[in-house]
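See structure below.
The values are calculated or read from the model by the stated rules, or taken from the named source; none is laboratory data. In this text, all values refer to a predicted model and were calculated from it rather than measured experimentally. With ideal geometry, Cβ positions are generated from the backbone for all residues, glycine too; neighbour counts draw on all protein chains shown. The protein model used for the area step is the full one, side chains on, heavy atoms only, and it has no ligands, DNA or RNA in it. Shrake-Rupley method; radii C 1.70, N 1.55, O 1.52, S 1.80 Å.
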Amino acid sequence: MAVSLQPAKRALAVLAMMGLALPALAQTTVSDAWVRASVPHQQSTGAFMTLTADTDSKLLSVASPVAKTVQIHEMSMKGDVMSMGEVKAVDLPAGKAVSLDPNGYHVMLMGLTQQVKEGEQVPLTLTIEDAKGTKQTLEIQAPVRPLGAEAGHDHAHMH
């Protein structure tokens with residue numbers, strides 16, 4: 001009994017070509033995400049993570065239901081003066097891990113709607129745009145770490 005494989009080979013070839021015709025979506029991975037715990041009545045805290053994009057991209061914004069306002073900030077030293085302020089975006093060069101940490105770029109969660117407690121998970125929604133203008137939304141859950149967690153030198157935002 002002879003079985004023809006021609007139709008199956010043709011179907012595989014068509015599927016392969018369809019796969020090649022679909023645009024490849026830029027992907028960004030998030031690792032080591034965490035949020036610093038707050039104390040009762042504290043109005044703001046920080047969120048930190050490492051982002052790696054597979055194509056040149058930028059982090060445009062972050063949102064979270066635990067804060068009225070969420071901004072991307074940069075802390076920098078100019079001589080002996082530390083300055084902090086909002087940035088419009090963070091560049092994510094292709095294949096390069098970009099760290100959002102207490103001593104550089106970081107996410108500020110301001111106007112907290114509740115105390116953020118160690119052991120909880122904070123939902124964060126990241127909006128990333130690749131060089132072609134395609135936007136990607138990432139939903140992550142960031143664990144809450146203790147107040148003193150991994151801060152090189154502790155700094156408080158006074159808003």
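Name, by its number, the condition in (1) at pLDDT below 95; (2) loosely packed, with under 14 Cβ neighbours inside 10 Å; (3) closer than 20 Å to residue 141 by Cβ that does not hold for residue 6.
Residue 6 satisfies every listed condition except (3).
Has segment 79-88 got any residue that is in contact (Cβ under 8 Å) with a residue 12 or more places away in the chain, in a strand (DSSP E or B) and closer than 17 Å to residue 30 by Cα?
No, segment 79-88 contains no residue that is in contact (Cβ under 8 Å) with a residue 12 or more places away in the chain, in a strand (DSSP E or B) and closer than 17 Å to residue 30 by Cα.
List the residue pairs whose Cβ atoms are under 6 Å apart, where the first residue sits in segment 114-137 and is over 14 Å from residue 47 (Cα atoms) and acidic (Asp, Glu), the second is open to solvent by 30 Å² or more (accessible area, probe 1.4 Å) and not in a loop (DSSP other than H, G, I, E, B), and the two are 6 or more positions apart or on different chains.
The qualifying pairs are 129/58; 129/60; 129/135.
Pick from 102, 123: which is outside any strand (DSSP E or B) and in contact with an Asp or Glu (Cβ under 9 Å, 6 or more places away or on another chain)?
Details: 123 fails: outside any strand (DSSP E or B).
Only one candidate qualifies: 102.
Could you please find all residues in segment 22-78 being over 17 Å from residue 108 (Cβ atoms), among the small types (Gly, Ala, Ser) and surrounded by fewer than 21 Cβ atoms within 10 Å (Cβ to Cβ)?
Across segment 22-78, the qualifying residues are 24, 26, 31.
Residue 118 - would you say it is outside any loop (DSSP other than H, G, I, E, B) and surrounded by 13 or more Cβ atoms within 10 Å (Cβ to Cβ)? Don't jump to the end; show me each part of the working.
On the way: outside any loop (DSSP other than H, G, I, E, B): no; surrounded by 13 or more Cβ atoms within 10 Å (Cβ to Cβ): yes.
It is false that residue 118 is outside any loop (DSSP other than H, G, I, E, B) and surrounded by 13 or more Cβ atoms within 10 Å (Cβ to Cβ).
Every residue in segment 31-52 that is of a type in the set (A, V, I, L, M), touching a strand residue (DSSP E or B) at 6+ places or on another chain (Cβ under 9 Å) and either modelled with pLDDT under 95 or not in a strand (DSSP E or B) (or both), please.
So in segment 31-52, the residues of a type in the set (A, V, I, L, M) come out as 33, 35, 37, 39, 47, 49, 51.
This time we only want the ones that are touching a strand residue (DSSP E or B) at 6+ places or on another chain (Cβ under 9 Å), so: 33, 35, 37, 47, 49, 51.
Residue satisfying the conditions is 37 alone.
In segment 79-112, which residue that is more than 24 Å from residue 65 (Cβ to Cβ) and in contact with a Leu (Cβ under 7 Å, 6 or more places away or on another chain) is surrounded by the most Cβ atoms within 10 Å (Cβ to Cβ)?
Applying the filter and picking the extreme gives 92.
What is the number of the single condition among (1) closer than 19 Å to residue 144 by Cα; (2) part of a strand (DSSP E or B) that residue 58 does not meet?
Every listed condition holds for residue 58 apart from (1).
Quick check: is even one residue across segment 73-89 of a type in the set (S, T, N, Q) and modelled with pLDDT of 95 or more? First the steps, then the outcome.
Residues of segment 73-89 that are of a type in the set (S, T, N, Q), as a first pass: 76, 83.
Retained after the next criterion (residues that are modelled with pLDDT of 95 or more): none.
Scanning segment 73-89, I find no residue that is of a type in the set (S, T, N, Q) and modelled with pLDDT of 95 or more, so the answer is no.
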